[in-house]
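K.L.:
First the structure, then my questions, so here it is.
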Amino acid sequence: MATATADSLGTGRRKTSVARVRIRAGAGKITINERPLDDFFRNVKDRAAVLAPLEATGQVEAVDVIIDVKGGGMTGQSGACKLGIARALKRFNGELEAPLRQGSLLTRDGRMKERKKYGLRGARRGTQFSKR
């Protein structure tokens, strides 16, 4: 017995943010943490990052996207959403993998915050030199 709506799932990560993305055929509605895209991401750069996989594949008006994102800040969350949407689109339709790969939208950004080391004030900053 098949389900009425075939959902495709994708998980995206960036810095300390994790986005769980669900894609289904629809009219182009994007919901993030039960809020519309424009309410959740006020910055144009963050909105563009979230829409990048949909625009690269021409699926902006063809699918509904439901995202649950946690952790990190706005930039990390938008990057996590971008990767999650790209992975879910690849599962939704395998033919979309080529344009997603071309735009390097399926590659995870592995940059993380460097840990603080003992004897230093931060990851790399040392203590201030005192002459006296």
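Values quoted throughout were computed directly from the atomic coordinates according to the rules given, and no laboratory measurement underlies them. The structure displayed is predicted, hence computed values, not measured ones. All Cβ positions, even for glycine, are placed from backbone atoms using ideal geometry, and neighbour counts span all protein chains on display.
K.L.:
In what order do Leu37, Leu89 fall by count of nearby beta-carbon atoms within 10 Å, going from fewest to most?
P.N.:
Leu37, Leu89
K.L.:
Another question, then. Could you point to the residue in Leu120, Thr11, Gly76 farthest towards the positive end of region 7-132's charge dipole, with +1 and -1 charges on the Cβ of Lys/Arg and Asp/Glu respectively?
P.N.:
Projecting each Cα onto the dipole axis, the largest value belongs to Leu120.
K.L.:
Given that compact globular proteins tend to follow 2.2 N^0.38 Å, what is the ratio of the alpha-carbon Rg of region 1-78 to that value?
P.N.:
1.10
K.L.:
Might you report the magnitude of the Cβ-based charge dipole of the chain about its Cα centre, with Lys and Arg at +1 and Asp and Glu at -1, to the nearest 20 debye?
P.N.:
Value, rounded to 20: 1540 debye.
K.L.:
Given H placed 1.01 Å from N in the peptide plane, which residues other than close sequence neighbours of Ile32 have an amide H under 5 Å from its amide H?
P.N.:
When sequence neighbours closer than 5 places are left aside, the close amide H contacts are Leu37, Ile67.
K.L.:
Here is a follow-up. Relative contact order of the chain: what whole-number percent is it, with Cα pairs under 8 angstrom and at least 6 residues apart?
P.N.:
Value for the chain: 32 percent.
K.L.:
Using the 10 angstrom Cβ neighbour count as an exposure proxy, how do Val63, Val50, Val21 rank, fewest first?
P.N.:
Val63, Val50, Val21
K.L.:
Mind checking the angle between helix 44-57 and the chain's longest principal axis? C-alpha axes, 0 to 90 degrees, to the nearest 10.
P.N.:
That helix lies at roughly 40 degrees to the long axis.
K.L.:
Would you order Met74, Met112 from fewest to most other beta-carbon atoms within 10 Å of each residue's own beta-carbon?
P.N.:
Met112, Met74
K.L.:
Based solely on its DSSP helices, what 222 nm [θ] is calculated for the chain when runs of n ≥ 4 H residues each add -39,500 (n - 2.57) and the sum is averaged over all residues, nearest 500 deg cm²/dmol?
P.N.:
-10000 deg cm²/dmol
K.L.:
Quote the Stokes-Einstein diffusion coefficient, in whole µm² s⁻¹, for the chain, based on the Kirkwood radius over alpha carbon pairs, a temperature of 25 °C and a viscosity of 0.890 mPa s.
P.N.:
153
K.L.:
Expressed as an acute angle from 0 to 90° and rounded to the nearest 10, what is the orientation of the C-alpha long axis of helix 74-92 relative to the principal long axis of the chain?
P.N.:
It is inclined by approximately 30 degrees.
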